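Just so you know, all these numbers are worked out from the coordinates, no wet-lab data involved. These figures come from a predicted structure and were not determined experimentally. Every residue, glycine as well, gets a Cβ built from its backbone with ideal geometry; the counts of neighbours run over all protein chains shown.
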Amino acid sequence: MSARIFRPGEQVDFVVVGSGAAGGVIARELSQAGHTVLVFEQGPRLGADVFAHHDELKVHYLHGITNDPVTNPQTFRDDPSRQARQLDHANPLVYARLVGGSSVHFTANYWRFHEVDFHEHSLLGDIPGADFADWPISYQELEPYYSKVEWEVGVSGLAAASPFDPPRQKPYPMPPLPVKSSGVLFELGARKLGLHPFPAPLAITSQVYRGRPACMHCGFCGGYGCEARAKSSSVWTVIPEAEATGRCEVRSASYVYHVDTNARGRVTGVHYFDAARRSHFQPARAVVLSANGSETPRLLLNSASNRFPDGLANSSGFVGKHLMFNQGAGVYAQFEHELNEYKSVQATRVLHDFYEVDPKRGYYGGGGIDARSSATPAAWASAEGGELPRWGAALKQRLEGYTRTMLCQGHTTSLPVATNSVSIDPQLKDAWGIPAIRVTYKDHPDDLKFAQFMQDRSEEIMQAAGAVRTWRTAVEHRRGGVHLLGTCRMGNDPSRSVIDKYHRTHDVPNLFLCDGSSFVTSGRGQPTMTIQALAFRAAHHIGEFARRNEI
Amino acid sequence: MDTPESSRRGFLQSGGALLSAGWIAAHWPAIARSAEEARAQLSTPVSMTAPPFRRFEFLQPLEALDVEAIAEQIVPSGATPGAREAGAIHFIDHSLVTVFDWQAAHFRAGLADFQHTFAQAHSGSAFGHAAPALQLDYLRGVDHTPFFALVRQLTLLGMFTLPEYGGNYRQQGWKLLGYVDVHVFSPPFGYYDARYTGFVPYPTTTERHS
């Protein structure tokens with residue numbers, strides 16, 4: 001069957017806004033269950049061949065596939081009492097704006113959350129300055145869906161390799177990617193210190209899988225689309241499978257800017273701009289927003305009406321609140337011999353020895369440390385902050401060590417702080433005239449303390465591995481991020497959350513939200529695996545509701 | 001109507017045009033000579049080739065002289081290629097009328113301020129004509145200005161992005177790094193993974209999951 005093309009104005013069962021990690025999965029699951037699904041994507045649909053040109057300038061520096069600060073601007077402030085301003089030709093919240101969303105350009109680190117992530121508030125109690133809460137679901141409830149991601153989207157890894165791994169039903173469908181020199185050195189140093197490094201699970205093929213080739217180690221990975229379709233991005237995996245049902249259309253270059261409701265308080269469809277900026281109404285029996293943790297809350301806030309004066313589905317006032325990014329810090333380390341980290345995937349070894357909170361430290365925080373490539377040439381050379389030399393003979397020396405250098409990086413928690421938020425800027429509008437995102441963000445002090453802790457551990461590992469020299473990255477307040485989490489959190493209490501445990505908004509029975517915005521806590525730094533597990537689970541329940549006529 | 005999508009594509013594609021080659025125009029020989037003199041002060045192995053002069057599209061000759069001098073201090077020449085051999089100045093110039101044209105006014109104002117301040121402190125002379133030691137010393141005092149940050153960023157992009165944007169002459173930026181522009185690699189990738197003997201499971205893991 002080929003992809004369905006719906007007639008203009010033809011009502012569909014589901015409109016899904018966003019074609020990324022979550023939207024792609026939901027489209028596949030609902031269309032395979034027999035429903036008609038129309039997926040809207042702001043950006044274009046690009047073929048894999050586009051990424052065969054390893055163009056750092058265009059993709060990384062000129063926002064080639066991400067939200068452009070000129071057409072899709074945002075403002076930022078670190079203090080809610082101040083007026084927010086645009087950053088210098090940059091957006092604080094960055095996501096890939098094309099079919100496949102950020103699953104196209106992600107690094108594809110696919111750690112599962114651990115059991116503790118879902119009930120940490122019960123274990124630790126309140127944390128001053130944070131709205132710390134348990135999730136309304138447990139790891140056990142999500143576990144079958146993690147397996148589904150691993151097998152149906154495609155994840156490489158070695159099951160039970162980490163002593164800290166949560167329980168699992170099935171092994172990974174593919175073995176880990178070949179270890180890189182960074183992984184070998186990291187493993188050497190970490191084992192000397194009594195730690196437990198293990199092969200990094202990655203949503204990248206290590207062998208032919210479901211019609212896609214194995215990774216050919218080109219090295220333009222994190223931040224880029226995969227020219228080989230080896231990265232398990234939605235655009236190469238779940239979206240073609242959704243289209244193959246004959247019940248799903250992915251409408252690219254179509255920007256949804258408003259969710260419409262009727263007098264009964266039910267969603268009737270969405271308004272969107274087509275590629276020529278003409279506005280259309282698309283009717284739907286139900287709507288799922290998977291537009292990511294920045295655009296989902298923006299869309300709700302921009303869909304305010306008389307009946308929903310503070311924004312759609314926002315009776316709690318929690319829409320846009322509790323923005324989290326994941327903190328982190330690390331060290332660059334140079335060795336005697338060549339590593340050639342510009343080849344292959346970014347990370348091949350990781351450790352979770354510091355995953356859980358240790359109350360003895362006196363602050364909250366947990367995370368993982370991984371061995372990563374030092375990145376693509378221009379981005380690596382341009383890196384600054386911390387101990388990195390900016391120019392002159394010291395920079396030249398660092399540049400000459402490119403092939404002998406790696407990055408050892410801690411990936412850590414962000415606490416949910418009520419004032420950290422996505423809201424609507426009172427003045428700024430985007431190129432379509434739609435009110436823009438205003439970001440208010442300042443890390444909780446514990447986030448920075450734990451990032452520092454993990455940098456110290458990273459440095460110890462690199463020294464134990466025999467590094468000839470190291471440079472610390474900066475431990476500093478985040479002014480943005482690519483993990484866009486927590487802004488429409490799930491919960492059982494409608495006054496303290498936006499969606500219920502089935503991703504249905506508490507306020508609107510036929511409106512569902514599923515993406516990074518659903519998170520209650522940040523996890524330890526690699527959210528996409530959990531976004532997709534949530535999406536499989538959400539789609540299962542939404543499909544059941546539809547089947548039982550409960551929407 | 002020009003849609004955001006199409007104008008964005010146009011914006012991106014405009015950077016792909018190749019630079020027009022050619023020696024600097026005949027009425028600027030003095031400037032060309034000064035630049036050559038400034039270059040001659042740096043010791044450079046003969047094995048490395050600086051790119052031929054190309055007509056500047058944005059920078060005036062005296063501007064180009066000073067900006068190239070700053071770029072050469074940011075990534076000095078030596079046993080391996082620096083900003084000069086990689087032709088970073090040509091990327092900077094071309095980018096300011098193409099992909100970074102929105103930075104052009106800011107760049108020119110920052111450069112004018114830089115030149116004015118330097119001339120005031122050094123009896124009216126140009127930064128590009130100053131001795132390397134003096135240049136180095138002077139830059140240490142201004143390396144946290146937005147203008148310096150912009151020259152730094154453009155210099156590094158001019159050394160390490162695709163040559164089609166006007167810099168990275170004969171891939172000398174990549175040669176400095178040791179980066180190889182190939183799309184298919186096979187393990188082993190480096191010295192250490194070639195010697196790896198395999199992942200050894202942890203005893204605790206085996207017990208727990210066997």
Open item on the list: Rounded to whole Å, give me the distance from the Cα center of region A:216-280 to that of region A:177-196.
Closed with: 38
TODO: Using θ = phi - 60° and the Karplus relation 6.51 cos²θ - 1.76 cosθ + 1.60, list the HN-Hα couplings for region A:512-527 in order, rounded to whole Hz, with x at every Gly or Pro.
DONE: 10, 10, 8, 4, x, 5, 6, 5, 9, 10, 8, x, 10, x, 9, x
TODO: Would you mind getting me the FRET efficiency between A:GLN397 and A:LYS192? Use the beta-carbon distance for r and R0 = 30 Å, nearest 0.05.
DONE: 0.65
- [ ] List A:LYS58, A:LYS231 from most exposed to least, where exposure is judged by having the fewest other Cβ atoms within 10 Å.
- [x] A:LYS58, A:LYS231
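Would you mind working out the magnitude of the charge dipole of region A:12-547 relative to its Cα centre, with +1 at each Lys and Arg C-beta and -1 at each Asp and Glu C-beta, to the nearest 20 Debye? Kindly include the intermediate steps, with their values, before the conclusion.
Working: 53 positive and 54 negative charges, 130 e Å.
Here the size comes out at about 620 debye.
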Task: Spatial separation of Cα centroids for region B:74-109 and region A:120-173, in angstrom - done: 47
TODO: Among DSSP beta bridges whose residues both lie in the protein assembly as shown, state the antiparallel percentage, nearest 5.
DONE: 70
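Could you line up B:TYR202, A:TYR255 from fewest to most neighbouring Cβ atoms inside 10 Å?
So the residues, fewest neighbours to most, are B:TYR202, A:TYR255.
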Task: Sequence-separation-based contact order of chain A, relative, with Cα cut under 8 Å and 6+ spacing, percent - done: 23
Task: Extreme residue, positive dipole direction of region B:129-202, given options B:LEU134, B:THR155, B:GLY166 (C-beta unit charges) - done: B:LEU134
Open item on the list: I'd like to know which of A:PHE51, A:HIS541, A:THR440 lies farthest towards the positive end of the charge dipole of chain A, counting +1 on Cβ of Lys and Arg and -1 on Cβ of Asp and Glu.
Closed with: A:PHE51
Task: Separation in nanometres of the label points that stand 7 Å from Cα toward Cβ, at A:ASN306 and A:VAL468 - done: 7.5
Open item on the list: Given the options A:SER305, A:GLN207, A:CYS514, identify the residue whose Cα lies farthest towards the positive end of the charge dipole of chain A (+1 on Cβ of Lys, Arg; -1 on Cβ of Asp, Glu).
Closed with: A:SER305
Open item on the list: Along each principal axis of its Cα atoms, how long is region A:136-242 end to end? Whole angstroms, biggest number first, please.
Closed with: 47, 39, 23
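For the protein assembly as shown, divide the Cα radius of gyration by the Kirkwood radius and give the resulting Rg/Rh value with two decimals. Kindly include the intermediate steps, with their values, before the conclusion.
Details: Rg = 26.5 Å, Rh = 27.1 Å.
My calculation of the ratio gives 0.98.
Calculate the FRET efficiency for B:ASP181 and B:ALA121 from the Cβ-Cβ distance with a Förster distance of 60 Å, rounded to the nearest 0.05. Can you show the working numbers first?
Values: r = 43 Å, r/R0 = 0.72.
Here the calculated transfer efficiency is 0.90.
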TODO: Return the distance in nm (one decimal) between the two label points of a simple spin-label model at B:ALA133 and B:THR145, each offset 7 Å from Cα along Cα→Cβ.
DONE: 2.4
- [ ] With only alpha-carbon atoms counted, please give the Rg and Dmax of region A:350-506, in Å.
- [x] 19.8, 60
Task: Order of A:LEU484, A:LEU93 - criterion: other Cβ atoms within 10 Å of each residue's Cβ, fewest first - done: A:LEU93, A:LEU484
Open item on the list: If you take every residue apart from A:ALA329 with its C-beta less than 12 Å away from the C-beta of A:ALA329, what net charge results, scoring Lys and Arg +1 and Asp and Glu -1?
Closed with: -2
- [ ] Would you work out the relative contact order for region A:410-548, in percent, from Cα pairs under 8 angstrom that are 6 or more residues apart?
- [x] 22
Open item on the list: Can you return the lysines within cross-link range of A:LYS343? Criterion is Cα-Cα under 21 Å, with same-chain partners fewer than 8 residues away left out.
Closed with: A:LYS58, A:LYS180, A:LYS231, B:LYS175
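Rounded to the nearest 500 deg cm²/dmol, what is the calculated helix-only ellipticity per residue at 222 nm for chain A, with -39500 (n - 2.57) per DSSP H run of length n ≥ 4? Write out the running numbers ahead of the final one.
On the way: 11 runs with 114 residues, N = 551.
That comes out to -6000 deg cm²/dmol.
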- [ ] Grab the eigenvalues of the alpha-carbon gyration tensor for region B:49-146, scale each by 5, take roots, and send me the semi-axes largest first in whole angstrom.
- [x] 20, 18, 12
Task: Gain in span if fully extended, B:GLU57 to B:ALA112, counting 0.36 nm per residue against the direct Cα distance - done: 18.1 nm
TODO: Determine which residues of region A:356-378 fall in the zone a paramagnetic label at A:LYS442 would reach in this model, i.e. backbone nitrogen under 19 Å from the point 7 Å along Cα→Cβ.
DONE: A:364
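With r defined as the distance between the Cβ atoms of A:ARG548 and A:ARG264 and R0 fixed at 22 Å, what FRET efficiency is calculated, to the nearest 0.05?
On the way: r = 20 Å, r/R0 = 0.90.
Efficiency for this residue pair is about 0.65.
Quick one: length gained pulling A:TRP432 to A:ALA90 fully straight, 0.36 nm per residue minus the C-alpha distance?
Additional length available on full extension: 121.3 nm.
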